[in-house]
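**Student:** I have a structure I would like to understand better, so I am pasting it below and will then ask my questions one at a time.
What follows draws every value from the coordinates through simple rules; no lab data is involved. Quantities reported herein were computed from a predicted structural model and do not represent experimental measurements. As a convention, Cβ positions derive from the backbone with ideal geometry for all residues, glycine included, and neighbour counts pool all protein chains shown.
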Amino acid sequence: MIQIGENPIHFSDPIVIAALFGVFILLLIVVLLISAVRRTGQSALMAQNMASQMGGMTARVQALSDGQQQLFGGLHSVSEAQAQQQSNMLQLMEQRLAQVNETMGNNLANSARNTAQSLGELQQRLKTIDKAQENITKLSGDVLSLQDILSNKQTRGAFGEIQLHDIVGKALPADSFTMQATLSNGKRADCLIHLPNPPGPIVVDSKFPLEAYEALRNATTDYELNDAARQLRTAIRAHIKAISDKYIIEGETADGALMFLPSEAVYAELHANFPEIVREGFAARVWIVSPTTCMATLNTMRAILKDARMREQAGAIRKELGMLYGDVDRLGKRVENLDRHFGQAAKDIADIKISADKAGRRARRLDNFDFEELAPEEDTPKVVPITAPKT
């Protein structure tokens, strides 16, 4: 309860409660009004700010729109330029592609042609290789046959004789040598070359010390090397002595003989490592030759034979020269006679020319009617000149 003046107020009184509730409602309304007024002012300020912002936003939107239009125009220009560039690029790519296709076509054609040519050349080379292989196979068989031949002394001797006959036959005339010639002592020489005296017929004998040479080549130790060298010296010395004893006959053959070695290797080995053997051969008047040096020696002998045959034919040559001199002398006389005839003919021709000149002069005089010059003055009558008739 509240005491206001003399009137107490009870809160339990319904009127008081209603009055309080009304006052409360009124206060609430006032508060709401005040709040509404404040909110209205704030809203107006906010509306003003918003209007200002909207104006700026409108300007920005307009600017954005203008920019968008410009961007659209730029994009359109860029699009057109890009389209033109793409078109040019496509045309250029088409041209380049056409050039590349043409170049590739030419290259492929050239490559195909070159490949075909290379294949043809390869085929020819393969044929050559096949032929060479056949020749190698045949040569292998020949080498094996040659080994079989050289493994036997008799066949090896026959091989040397055949090679010697081939070399001598190529270097000398057929009537200047004899193969397997028998001498007065009953010994048979492989080849006898009929040289004139001096030096006289000379013997060429073929020798092939293959076993000793192969032992020398295959030696691996000093002992084997020395033993093989001793064998080779012994073999060559035996050959030199046999040739000197059998084929150098005083009054029948030349004062020397040739020992033919069918192998250049054996010949080179002797001159390189066994010079004393070569000197012993010189002392025994037995000269060692290889196929190459034998050919050179035979060419020298051929010159000797040619000179000897020229001397043999010297008489016939002198006779022919005498006859040739007589023919030349007669020819000179006949030429002299012919020259004399030509001189007489020239004189006759000159006389004929003189007579012809005189006859020509007289003919010209007759043509001009110069009769007064032909007769003497005292006997010449007066000549009436002839004039051409008047027309």
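**Student:** Taking amide H positions as placed 1.01 Å from N in the peptide plane, with prolines and chain starts having none, which residues 5 or more places from Cys191, or on another chain, fall under 5 Å of its amide H?
**Tutor:** Gln180, Ala181, Val204
**Student:** I want to check the label-to-label distance for Ala116 and Glu211. Put each point 7 Å from Cα in the C-beta direction and report it in nm to one decimal.
**Tutor:** If labels sit at Ala116 and Glu211, their model points lie 6.6 nm apart.
**Student:** I need the calculated FRET efficiency for the pair Ser355 and Val328, taking r as the beta carbon distance and R₀ as 41 Å, to the nearest 0.05.
**Tutor:** Values: r = 41 Å, r/R0 = 0.99.
The formula returns an efficiency of 0.50 here.
**Student:** A further question on this structure: Taking 0.36 nm per residue of separation and subtracting the Cα-Cα distance, what length does fully extending Lys241 through Leu321 add? All intermediate terms of the calculation are to be shown ahead of the outcome.
**Tutor:** Details: separation 80, 0.36 × 80 = 28.80 nm, distance 5.00 nm.
Extra length available between Lys241 and Leu321 comes to 23.8 nm.
**Student:** Pull out the extension gain between Ile25 and Met179, defined as 0.36 nm times the separation in residues minus the alpha carbon to alpha carbon distance; nm, one decimal. Don't jump to the answer; show the numbers that get you there.
**Tutor:** Numbers: separation 154, 0.36 × 154 = 55.44 nm, distance 17.04 nm.
Result for the pair: 38.4 nm of gain on full extension.
**Student:** What are the ³J(HN,Hα) couplings of the range 245-251, residue after residue, when phi is run through the Karplus curve with 6.51, -1.76, 1.60 and θ = phi - 60°? Round to Hz, x for glycine and proline.
**Tutor:** My calculation for the range 245-251 gives 6, 8, 10, 10, 10, 5, x Hz in order.
**Student:** I need the calculated FRET efficiency for the pair Thr40 and Leu71, taking r as the beta carbon distance and R₀ as 35 Å, to the nearest 0.05.
**Tutor:** Working: r = 43 Å, r/R0 = 1.24.
Efficiency, from the Cβ-Cβ distance: 0.20.
**Student:** Determine the distance separating the Cα centre of the range 191-236 from the Cα centre of the range 292-330; give it in Å without decimals.
**Tutor:** Each part's Cα centre sits 38 Å from the other's.
**Student:** Using θ = phi - 60° and the Karplus curve 6.51 cos²θ - 1.76 cosθ + 1.60, what whole-Hz ³J(HN,Hα) does each residue of the range 324-340 get, with Gly and Pro shown as x?
**Tutor:** Listing the rounded values in order: 5, 5, x, 4, 5, 5, 4, 4, x, 5, 5, 5, 5, 4, 5, 5, 5 Hz.
**Student:** Sorting check: for 271-279, 225-233, 20-28, which peptide has the highest mean count of neighbouring beta carbons within 10 Å, and how do the rest follow?
**Tutor:** Working: 271-279: 12.8, 225-233: 16.2, 20-28: 10.3.
Result, highest mean Cβ count within 10 Å first: 225-233, 271-279, 20-28.
**Student:** Another one. Obtain the nm distance between the two label points defined at Ala81 and Thr128 by a simple spin-label model: each point lies 7 Å from its Cα along the Cα-to-C-beta direction.
**Tutor:** 6.6 nm
**Student:** A follow-up question, please. Per the Kirkwood formula on distinct C-alpha pairs, the Rh of the range 200-240 is how many angstrom?
**Tutor:** Over the range 200-240, the inverse of the mean reciprocal pair distance is 11.2 Å.
**Student:** Another question, then. Beyond 25 Å between alpha-carbons counts as too far, so tell me which of Lys170/Lys306; Lys170/Lys207; Lys187/Lys207; Lys187/Lys241; Lys207/Lys306 fall in that bin. Could the numbers behind the result be given before it?
**Tutor:** Numbers: Lys170/Lys306 15 Å; Lys170/Lys207 20 Å; Lys187/Lys207 16 Å; Lys187/Lys241 14 Å; Lys207/Lys306 29 Å.
Check vs 25 Å cut-off fails for Lys207/Lys306.
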